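These notes are about the structure you will find just below.
A short reminder: the numbers here are calculations on the coordinates, not readings from a lab. Predicted model, so just to flag it, every value in this text is computed and none were measured. Positions of Cβ are generated from backbone atoms using ideal geometry, with glycine treated the same way; all protein chains shown enter the neighbour counts.
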Amino acid sequence: MSQNRPKSHQVALRKAVAKQIDDVLAGIRVPDLPYPAGKLAPESVSDWQPLLFSCWKEQRNERVTHVLRSVQRDWSVRQINAAYVADRIMDVFLKTSGLHSQIIQRIARLRFYLAWRMNLDGNYAFSDTLLNWLDSLQEWRGWSDSGGRSSKALLDQLDALVVAVSAAFETGTTDTVSAFCQQWQEDSLRRNAQAGKLRQRLLVTEQGAARQRRADQTSRALIGRALQGRKLPQPVLHFIFDHWQKLLKQAVWDSGVNGETCRHGSKLLEWLVWVGDPSLSDKDRNRLYHVGEQIGDRLLDVWSRVFDHPLTPNALAGIGTVMMSRLRGESPELVEALSDQTSFSWSGSWLSFEVPKQADFQALENSWFVEGEGATEQRRYFCALLEDTAEILWTNGTGVKLGLQPWDAFCEAKTAGSIRPLPAQTPFGEVLAGTVELLARAFEKQRKQREQAAEAARARADELRREREAQALKRREAEAARQEILDRERQETESKRLADEQAEQDRLYREKTALAQKHVDNINLGGWILEVSDQPETEGTRLKLAVRTNASRKLIFVDRLGLNRREFQEEDLVLAIVEERIRVLGSAAEFDDTLSRVVGRIRVGRK
């Protein structure tokens, strides 16, 4: 497992970006989500904690927004946005985390918990403890469901996560989740330290084993090459397989296939075959004598260079017998050196073995690879290339050996695509930061659009208001014009009526004046008039014409006793009669009737 931890500036960046969550929760609007028609009163908002808790306990793989759509409840805007943000973050994490599908699916179910907490706490739902734990999941990028102990250990921890989150739902706090994350981190430190030690110990062990395999396979290849297609005496074969193979293996271990001891040992092996095979050595009897004299001493010399203990005398006894038989010209009994019945296996490729170039494999070491697809997917760690055998040491995340693979086979599989590098992975913190940043930009765009729409609505409202005011002003002006016309018409009608009435009154006044003048002219001496009193309860004063002066048109009246003289100018008397301050009292009833009619018409005209 990797021991990388989130850097402090990355944590600060995530926290800064996480603060944008509050704006997103409050302001973003996503099409097709069941937002309320208007702002809900707090007491009208449905409690979604039991619903989310149920989904978590059942470990459902649904989106929170899908769950909200499936029930007919009154959800607030903040609840719906919290559900959407939780879904969006976990959907991206599912695609980019690089973790095994079984791990990430179980982690993605935290969407129910995160939606619940974001609705309550906003960006504080993503505490440092929670973020660090989610980022640390990258340590398990090499996990595969192999059924082994390390595989089961992670599944047990994820089962403990279910319990911790369930307790948080029940208590309404995050204490159990925080405690779980802290315990996970403490376990992770111990796990990483142990895995590092196991991997180092395994590497040392496997490097030693690879060196042994290289020595064994090279010695087998030397023997196989020398014995291939040959028939040799049985004692020679016994010596080669029982003793000389051991020497060659040790010589390769000590100094490699190109070492001096290995070259001497390989050369003596070829001489043993040459001596033992009559088809080779019978052609040169002199050389056979020469080799026969020296081969024993040379075998002992090379043996002493390799081993601290001497070669037993019995080991060379068979070789001596064969040599004596060959020197006497006898043909010993021969057997197939490598018959089908023998279990001896060898490969000549070890004789031309070359270590891959460091530039080819060094960059691949300490990297993760994936083999298989879907449920059969297995992840393995390229721990190191064992240069003695050109084999890759594969381990799992806890430093346990998964197997060895020849470098050539790996290259072929990599080219064919059956094994591939683990795709680039994204820690949860980067997913959170990137997703929230995108949502914040979308929210800002929507906010500007809403501001523009509000501004446009205000402008339209102002325009409509101005239009209505203009229309109202136009109506008022039209009404004023109409009213002015009506007033003018009424004024003209009234003026005409008043003029007519005045004309009528003038006419009647003239008639009355003419009638009064006539009566004044007809008053003779001794004629009586009545001066009407201003007080209704007081009787008027009767006066009799005593003198009429035509030159000055003056009339003088007296009462019954000839006293209380009153003088009137003729025009003043006429006016007084018209105004009914004076009544002419005469024997003629025609005057009174005529005067009453005239006065009546004047009164009616005034009304």
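With each label modelled as a point 7 angstrom along the Cα→C-beta vector, the residue 57-residue 538 pair spans 11.5 nm.
Compared with the dominant Cα axis of the chain, that is its longest principal axis, helix 260-276 is turned about 50°.
The lysines within cross-link reach of residue 518, meaning a Cα-to-Cα straight distance under 30 Å and a gap of 8 or more places when in the same chain, are 544, 554, 607.
Length gained on full extension, residue 511 to residue 409, computed as 0.36 nm times the residue gap minus the Cα-Cα distance: 22.0 nm. Please find the FRET efficiency linking residue 490 to residue 30, where r is the Cβ-Cβ separation and R0 is fixed at 60 Å, and quote it to the nearest 0.05. Step by step, r from the Cβ atoms, then E = 0.35.
For a straight C-alpha distance cut-off of 21 angstrom, the lysines reachable from residue 357 (same-chain residues fewer than eight places away being disregarded) are 414.
A straight line joining the Cα centroids of the stretch 169-218 and the stretch 323-355 runs 48 Å. Helix 245-255 and the longest principal axis of the C-alpha atoms of the chain enclose an angle of approximately 60°. Judged by the ratio a/c of the largest to the smallest principal axis of the C-alpha gyration tensor, the stretch 9-116 counts as oblate, that ratio being 1.5 or greater while a/b is no larger than b/c. Normalised by the number of residues in the chain, the average gap of Cα pairs under 8 Å and 6 or more apart makes the relative contact order 14 percent. What FRET efficiency, computed as 1/(1 + (r/R0)^6) with R0 = 51 Å and r the Cβ-Cβ distance, is obtained for residue 241 and residue 365, rounded to the nearest 0.05? Using R0 = 51 Å, I get an efficiency of 0.85.
Of all lysines in the structure, the ones whose alpha carbon falls short of 17 Å from that of residue 246, not counting any fewer than 8 places away in one chain, are 267. By how many degrees, between 0 and 90 and to the nearest 10, does the Cα long axis of helix 111-121 differ from the longest principal axis of the chain? Taking Cα atoms only, the helix is inclined about 50 degrees. In the set (1) 31.6, 105; (2) 25.0, 91; (3) 65.3, 223, which value of Rg and Dmax of the Cα atoms in Å was calculated from the structure you see? Read-out taken from this structure: (3). Rounded to the nearest 500, the 222 nm mean residue ellipticity of the chain from helices alone is -20500 deg cm²/dmol, with -39,500 (n - 2.57) taken per DSSP H run of at least 4 residues.
Taking label points 7 Å from Cα along the Cα-to-Cβ direction, residue 424 and residue 472 give a separation of 6.4 nm.
Potential lengthening of the chain between residue 335 and residue 581 amounts to 70.0 nm, from the contour at 0.36 nm per residue minus the alpha-carbon distance.
Spin-label pair residue 158-residue 309: with each label point 7 Å from Cα along the Cα-Cβ axis, the two points sit 5.5 nm from one another.
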